[in-house]
Every structure is written in structure tokens, then in C-alpha cells.
Amino acid sequence: MADQLVVAAVLVDDLEHPTRALGARRFAPESLAGRWELPGGKVEPGEEPLAALHRELDEELGITVEVGDELVPRGGPGTTWPLTSGLAMRVWWCVVRTGIPEAGAAHDALAWVDKVSINDLAWLDPDLPVVDAIAAALTSPGLTAPPD
Ligand SMILES: Nc1nc2c([nH]c(=O)n2[C@H]2C[C@H](O)[C@@H](COP(=O)(O)OP(=O)(O)OP(=O)(O)O)O2)c(=O)[nH]1
């Protein structure tokens, strides 16, 4: 059987020159409580992945977003990131369009982290390769972004 698809957002301050990304801390189930993840969730049967992403961000954080490029694993083979068995995740860069992210139904804390502090969060184990890719793409806050 195909993996159940999970969709998630790397919410950043700027799609062109991201310096900060949002982590969200789960409080359930107990096995995942206290660990950090990218906001998102499971795609429902018959639902388009991006529709699921917008739905989850509205439900979990109370925001609407502009979706940018997809963050895909370097070297492939596909566009999904493996999670625990039976689950695979697709991830998109996003910026907030309306609302201010607030921990709600799924999380008990949110944190904006930069290229360095992103490694201080206790991410879910399967997220570590995703977090490496995010950290590599974030610009150090102290550095001036290259001219357009
Ligand atoms: N949202 C999200 N889930 C992740 C990440 N990393 C990771 O291993 N997961 C796992 C945790 C969960 O087992 C699964 C996502 O399920 P979920 O519980 O968030 O999904 P959901 O909001 O649709 O909730 P439900 O229908 O299962 O109640 O994927 C991540 O970065 N973001």
C-alpha cells in the first residue's frame, strides 16, 4: 500500500531571502509530545495536497499563506521525505499572508528560529534531514542578502 501523505510548511519571513523559519511543538500523542515539527498534517482521502496544506495551516495556526517552491530532497529520487513507516511528507516554503501564527489545536509552543538556533529545537527524528535542508537555505541574519 502507498504511504499516507503528510504535507507541511516551512513558514519563513521572506520567500526570496528567508532568515527565519517556524517550528511547532507537539503535545500529542504522548510519544511525540515535546518534539518539534513543521506545521501540517495528513492529506485526507480525495484531497489535493496543497488544499490539505492550506486547511491544516488554518486549523492549526489560524493563518492563510502564500505557497512558494517545494522543498525536495537533494538527489531525489522523489519529492517526498520519508517519515516513520507508512508515512511520507511533502514540504513547501510558505509566508504568512493573513493572521499571526498561534499555537492552537495541535501545538503548545511555536518558535521562529534562524540558521543556527534551528538546531537547538528537539525536532522529530524523521525531520532531521528536512531541517538540514532548511538550515542550508536560510540566510544568516547578520549577512546582507545578495542584490537581486
Ligand atoms: N505535521 C507534521 N507531521 C510530521 C512531521 N514529521 C513527522 O514525522 N510527522 C508525523 C507525525 C504524525 O505521525 C504525522 C502527521 O500526523 P498529524 O497527527 O499531524 O496529522 P493530522 O493533523 O492530520 O491529525 P490526525 O488526522 O492524525 O489526527 O506525521 C512534521 O514535520 N510535520
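Summed over region 116-132, the residues that are assigned to a helix (DSSP H, G or I), within 12 Å of the ligand (Cβ to nearest atom) and either basic (K, R) or surrounded by 16 or more Cβ atoms within 10 Å (Cβ to Cβ) (or both) give a count of 4.
Taking (1) within 16 Å of the ligand (Cβ to nearest atom); (2) exposed (fewer than 13 other Cβ atoms within 10 Å of the Cβ); (3) outside any loop (DSSP other than H, G, I, E, B); (4) touching a residue at least 12 places away in the same chain (Cβ under 8 Å) in turn, A105 satisfies each apart from (3). Given region 10-92, what strands (runs of 3 or more DSSP E) lie entirely inside it while holding 2 or more residues that are at pLDDT 95 or above, open to solvent by 70 Å² or more (accessible area, probe 1.4 Å) and not aromatic (F, W, Y)? Qualifying strands (runs of 3 or more DSSP E): 64-71.
Scanning region 18-46 for residues that are more than 19 Å from W81 (Cα to Cα) and either more than 10 Å from the ligand (Cβ to nearest atom) or hydroxyl-bearing (S, T, Y) (or both) gives P18, T19, R20, R25, F27, E30, S31, A33, G34, P45, G46.
The values are calculated or read from the model by the stated rules, or taken from the named source; none is laboratory data. All values derive from a computational prediction rather than experimental measurement. Virtual Cβ from ideal backbone geometry, glycine too; neighbours counted across all protein chains shown. Protein only, heavy atoms only, side chains kept; ligands, DNA and RNA dropped before computing areas. Shrake-Rupley method; radii C 1.70, N 1.55, O 1.52, S 1.80 Å.
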